[in-house]
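What follows is a set of notes on a single structure, which appears directly below.
The values are calculated or read from the model by the stated rules, or taken from the named source; none is laboratory data. Being a predicted model, the structure only gives us computed values, none of them experimental. Note that each Cβ is placed from the backbone with ideal geometry, even for glycine, and that neighbours are counted across all protein chains shown. Side chains are part of the model used for accessible areas, which takes the heavy atoms of the whole protein and leaves out ligands, DNA and RNA. Shrake-Rupley method; radii C 1.70, N 1.55, O 1.52, S 1.80 Å.
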Amino acid sequence: MTFYAEAIDRRFGDGGPAGGEGDNDFIRRVLARKTVRRYTDVVPDQGLLDLLVAAALSASAKSDFQQASVLRVRDPEKRAAIGKLFPAMPWIGVAPAFFVFLGDARRLQRIGEMRGKPVANGTLEGFFNASIDAALAMQTMILCAESAGLGVCPISVIRNEVDKVAAILGLPDLVFPVAGLCLGYPHGEGHVSLRLPRKVTAHSDRYDDSALSAGIDDYDQRRHARHAIAKEQQRSNAEFGEVAFYGWSEDKARQAVKAEGAAFPPFLRAHGFNFG
Ligand SMILES: Cc1cc2nc3c(=O)[nH]c(=O)nc-3n(C[C@H](O)[C@H](O)[C@H](O)COP(=O)(O)O)c2cc1C
């Protein structure tokens, strides 16, 4: 097996390309990465966290507008107040470190004012660019943190209570949370999550989802064989009933019926975005 083949097989198990030759350790780590929600009590060193913030803010930025901001929540009262909003996800309140990645369309608008230029950055473009910058900054921190032996968990559920979270963090107009990030040293091993087969998610020259149905059925079976969803974890059985085979796609379809994020559009409209 090549340097990457085993990690690719564990990630996809789809019989697709095995990664070719090479020995880039960072890439192999990325292939084997996993979200971590349980941590030891050790708080990562401040120097390491500063380094990770610097790495995050080194991510690419649309038009060099640099519309990401990173906020570390250190105040125990603020940590507890945010944690209390999401009792189903206790890791939010107790992770040794917690950051919030912000889309920051305000800074560019203020720079326009400073330079006497009519910048109106509450557009869809402004929102989208700031969101992407923040997401790239977060993912850069994720990969660097994992590479330094830390485990992380992104937290977009904070947007479900966006008004309260924004008040706790003192967010002004045109600044919005994209996601939080829990961070600490992993407690336990966890497992690599099997991804969809690449013939479903990777295209060449032309978009083609003609193999979707067969690809999803196959994926459901393989994922079930590796990590079956326990009966007590089946969602909304009262609404949809028990099914003989409960795979990933059944679970995700049920999850997606209950749309999340209703609080987010009104929050954005009330805080400077007109999406024009
Ligand atoms: C933008 C984003 C938001 C997420 N929000 C949450 C969250 O609120 N709570 C949580 O426990 N996990 C959250 N996750 C983690 C995903 O559930 C996880 O990445 C996914 O199940 C795949 O697992 P893996 O990263 O181990 O491959 C989020 C991930 C992303 C990328």
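Of the numbered conditions (1) surrounded by fewer than 24 Cβ atoms within 10 Å (Cβ to Cβ); (2) closer than 28 Å to Asp50 by Cβ, Glu125 fails exactly one; give the number of that condition.
(2)
What are the residue pairs meeting all of these: first residue in the range 170-183, first residue in a loop (DSSP other than H, G, I, E, B), second residue among the polar types (S, T, N, Q) and more than 16 Å from the ligand (Cβ to nearest atom), Cβ atoms under 8 Å, and 6 or more apart or on different chains?
Leu174/Gln109; Leu174/Asn121
Exactly one condition in (1) more than 16 Å from the ligand (Cβ to nearest atom); (2) assigned to a loop (DSSP other than H, G, I, E, B); (3) in contact with a helix residue (DSSP H, G or I) (Cβ under 9 Å, 6 or more places away or on another chain); (4) not charged (D, E, K, R) is false for Phe86; which is it?
(1) is the only condition that Phe86 fails.
Cβ-Cβ under 8 Å, sequence separation 6+ or interchain: first residue in the range 99-114 and under 15 Å from His271 (Cβ atoms), partner assigned to a strand (DSSP E or B) and of a type in the set (Gly, Ala, Ser). Which pairs?
Leu102/Ala68; Leu102/Ser69; Gly103/Ala68; Asp104/Ala68; Asp104/Ser69; Arg107/Ser69
Only one residue in Ala61, Ala80 is over 17 Å from the mean Cα position of the chain (by Cα), open to solvent by 40 Å² or more (accessible area, probe 1.4 Å) and modelled with pLDDT of 95 or more. Which one?
Working: Ala61 fails: open to solvent by 40 Å² or more (accessible area, probe 1.4 Å).
After ruling out the rest, the residue left standing is Ala80.
Could you check how many residues of the range 1-33 are open to solvent by less than 40 Å² (accessible area, probe 1.4 Å), touching a residue at least 24 places away in the same chain (Cβ under 8 Å), in a helix (DSSP H, G or I) and not aromatic (Phe, Trp, Tyr)?
Within the range 1-33, residues that are open to solvent by less than 40 Å² (accessible area, probe 1.4 Å), touching a residue at least 24 places away in the same chain (Cβ under 8 Å), in a helix (DSSP H, G or I) and not aromatic (Phe, Trp, Tyr) number 3.
Do the conditions hold for Phe127, that is, is it touching a Lys or Arg at 6+ places or on another chain (Cβ under 7 Å), within 22 Å of Leu169 (Cβ to Cβ), of a type outside the set (Lys, Arg) and outside any loop (DSSP other than H, G, I, E, B)? Let's see the steps before the verdict.
On the way: touching a Lys or Arg at 6+ places or on another chain (Cβ under 7 Å): no; within 22 Å of Leu169 (Cβ to Cβ): yes; of a type outside the set (Lys, Arg): yes; outside any loop (DSSP other than H, G, I, E, B): yes.
Answer is no for this residue.
Could you pull out the residue among Val152, Val165, Val157, Val119 that is in a loop (DSSP other than H, G, I, E, B) and open to solvent by less than 70 Å² (accessible area, probe 1.4 Å)?
Details: Val152 fails: in a loop (DSSP other than H, G, I, E, B); Val165 fails: in a loop (DSSP other than H, G, I, E, B); Val157 fails: in a loop (DSSP other than H, G, I, E, B).
Every option except Val119 fails the conditions.
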